[in-house]
Amino acid sequence: MATTEPVAKLVEAFSKLPGIGPKGAQRLTYYLLRSPVEEARALAEAVLALREKIRLCSVCFNITDCDPCLICQDKERDHSKICVVERPSDIPPLEQTGKYSGVYHVLHGTISPAQGIGSRELKMKELLLRLQDGQVTEVILATNPNVEGEATAMYLRQMIQPLEIRVSRLARGLPFGADLEYADAMTLRQAIEDRQEF
Amino acid sequence: MGAPRNYQAHAVVIKETRIGEVDKILTIYTPELGKLKAVARGACRPGSKLGGNVEPLTYSLLMLAKGRNLDIVTQSQTADAFPALKSDLWRMACGLYILELVDSFTVENNENRPLFDLLLNSLNWLCQSDNNETVLRYFELHLLDCLGYRPQLQRCVICNSPIKPVVNFFGFGQGGILCSNCGQEDPAAHSISVEVLKVLRLWQRCDYATARRVVLKSELALELEQVMQGYIKYLLQREVKSIAWLDELRKTQFDNGHGRN
């Protein structure tokens, strides 16, 4: 079936997105065709703004539309604590807890030997530079509790150790709503080792 | 009667690929079926019943259901989580190197019981050993054995003459030792000292308990590593990616005295 060029172009563009196949791309395209023109324009402008305005903060490497980002600019926050995360998307859930008032550092990945990703491919040198001024008293390692996240955390711990800065790791153990019967051995081991006064 | 829809398998998880938000495709190595790929649905969700049982570097008992394309992991129980591997940076890097080698050299649905035993034993040796370089070299040598690439170390693979106790050569393309005359004619051959050849010959036929008693000087350990990794690179026709990470750890002072002595 011959399709007009703008429709075919948008279907092709949508189908390049993760998780969207050709049929899904077609459905989205025809939805936009039926929707009010303002909706389509708002979407186009949002996509453009994303690429034109969003960049990485020069301090913490989080995504931002102003440099330094709002978190790094905030004088109320505790700049002596840095929480190291894998990706920018790890920051909002930590912020939602309302329990952390320090600043962040985004590594943009984890050490993954099988994919050829070592420390040089991550923002580790930049973290080390941030720690040189003597202002930071604690680094909280918030990489994921899996093999690659652990390797990254262990590497960072050894990298930071000579600077005599406190290094902590997010607690590991049983998640809320979990079932003890089905917990894996590593998690249970951690949960027992890191148990707390109740 | 057709094949059962559900089956159990002991498996070492050798690789994971995240799909979607919470699912994973696992690459596992089993004693009965060799390498397999299976889907672990919801494994990345906090509180998932699969969770830590299906992480790489874990030996688990899995219940799998036959799927149209890939089988699906329905239940799991950790048999050995190798905590000593996961809590030490250098040991973990060695373990990941072993997993990458197994993944690179094997094809799916090809049973190889000796290879499974070697894999499981090597992960255990890594947990117990202080000299992980010996574990790695012993693993590499016996991995090649299990796969049919056992290097010929007794006679020259070109002229069949006995090997003299002088500097000889290892021919990657020929799959074994070249005498000093034949080796000089092959520019791709790697020189091999008498000591390294003796170690390779011993390790090829002895068990790990004997192999680990061999104490290697750092130059010999380096030569041994170059010969083995050169042969592996030739067979795979590409670099093993984890080597770069092992090298990075060795170069930094972070390995806390582990690694090559």
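Quick rundown of the values:
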read-out	value
Signed unit charges on C-beta, dipole axis of the range A:102-192, positive-most listed residue A:GLY102, A:LEU128, A:PRO175	A:LEU128
Largest-first ordering by accessible area, 1.4 Å probe, given options B:VAL102, B:VAL157, A:VAL47	A:VAL47, B:VAL157, B:VAL102
Principal-axis tilt of helix B:89-105 within chain B, Cα atoms, nearest 10 degrees	90
Gap separating the Cα centres of the range B:99-113 and the range A:43-59, nearest whole Å	44
Solvent exposure of chain B as accessible area per residue, Å², 1.4 Å probe	47
Alpha-carbon centroids, the range A:67-110 and the range B:178-199: separation in whole Å	56
Mean residue ellipticity (222 nm) of the protein assembly as shown, computed from DSSP H runs ≥ 4 via -39,500 (n - 2.57), nearest 500	-12000 deg cm²/dmol
Over the range B:1-55, relative contact order from alpha-carbon pairs under 8 Å, at least 6 apart, %	27
Dipole magnitude of the protein assembly as shown about its Cα centre (Cβ charges: Lys, Arg +1; Asp, Glu -1), debye to nearest 20	700
Greater than 31 Å apart at Cα, pairs in A:LYS53/B:LYS251; A:LYS123/B:LYS37; A:LYS9/A:LYS123; A:LYS53/B:LYS24; B:LYS49/B:LYS233; A:LYS75/A:LYS123	A:LYS53/B:LYS251; A:LYS123/B:LYS37; A:LYS9/A:LYS123; A:LYS53/B:LYS24; B:LYS49/B:LYS233
Rg followed by Dmax, in Å, when chain A is reduced to its Cα trace	21.9, 70
Around A:ILE63: net Lys/Arg minus Asp/Glu count, Cβ-Cβ under 14 Å	-1
Solvent accessible area, Å² - A:MET159, 1.4 Å probe, full protein context	20
Percent RCO, i.e. relative contact order, over chain B, from Cα pairs under 8 Å lying at least 6 residues apart	14
Residue with peak Gaussian network fluctuation, chain A [Cα springs, cutoff 10 Å], from A:ARG120, A:ARG55, A:ARG87	A:ARG120
Estimated dipole of the range A:27-176 in Debye, rounded to 20 [Cβ of Lys and Arg +1, of Asp and Glu -1, Cα centre]	240
The range B:171-230: relative contact order in percent, alpha carbon pairs under 8 Å with at least 6 residues between	33
Lys, Arg +1 and Asp, Glu -1 on Cβ, resulting dipole of chain B about Cα centre, debye, nearest 20	400
Amide H contacts of A:HIS105 (H built 1.01 Å from N, under 5 Å, at least 5 apart or other chain)	A:CYS83, A:VAL84, A:VAL85
Rounded tilt (10° steps) of A:37-53 against the dominant C-alpha axis of chain A	40
Total accessible area lost when A and B pair, probe 1.4 Å, Å² to nearest 100	2200
Candidate lysines for bridging to B:LYS86, where Cα separation is under 17 Å - those fewer than 8 sequence places away on the same chain excluded	B:LYS15
DSSP beta bridge pairing in chain A, given as percent antiparallel to the nearest 5	20
The range A:100-179: GluC sites (Glu not before Pro) in DSSP coil with no more than 12 other Cβ atoms inside 10 Å	A:GLU164
Antiparallel DSSP beta bridges within the protein assembly as shown, percent to nearest 5	70
Carbon plus sulfur fraction of accessible area for the range A:92-198, probe 1.4 Å, in percent	50
Cα long-axis angle, helix B:242-251 against chain B (0 to 90 degrees, to the nearest 10)	70
Rounded if a/c under 1.5, otherwise prolate or oblate - the protein assembly as shown, Cα gyration tensor axes	prolate
Residue with peak Gaussian network fluctuation, chain B [Cα springs, cutoff 10 Å], from B:LEU136, B:LEU246, B:LEU236	B:LEU236
Rounded if a/c under 1.5, otherwise prolate or oblate - chain B, Cα gyration tensor axes	prolate
The range B:1-45: C-alpha gyration tensor shape, a/c 1.5 cut-off, then a/b vs b/c	oblate
The range B:140-198, accessible surface, carbon-and-sulfur percent (1.4 angstrom probe)	51
Per residue accessible area in Å² of the range A:65-198, where ligands, DNA and RNA are left out and the probe is 1.4 Å	58
Rounded accessible area of A:TYR182 (nearest 10 Å², 1.4 Å probe)	90
Selected from A:ALA142, A:ALA49, A:ALA114 as most flexible by GNM, with chain A as the system and alpha-carbon contacts under 10 Å	A:ALA114
Solvent-accessible area, 1.4 Å probe, carbon plus sulfur percent, for the range B:1-133	46
Placed amide H near B:ALA43: partners under 5 Å, 5+ positions off or other chain	B:LYS24
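The values are calculated or read from the model by the stated rules, or taken from the named source; none is laboratory data. As the structure is a prediction and not an experimental result, all values here were calculated from the model. Glycine gets a Cβ as well: all are built from the backbone with ideal geometry, and neighbour counts include every protein chain shown. Please note that ligands, DNA and RNA were not included when accessible areas were found on the heavy atoms of the full protein model with its side chains. Shrake-Rupley method; radii C 1.70, N 1.55, O 1.52, S 1.80 Å.
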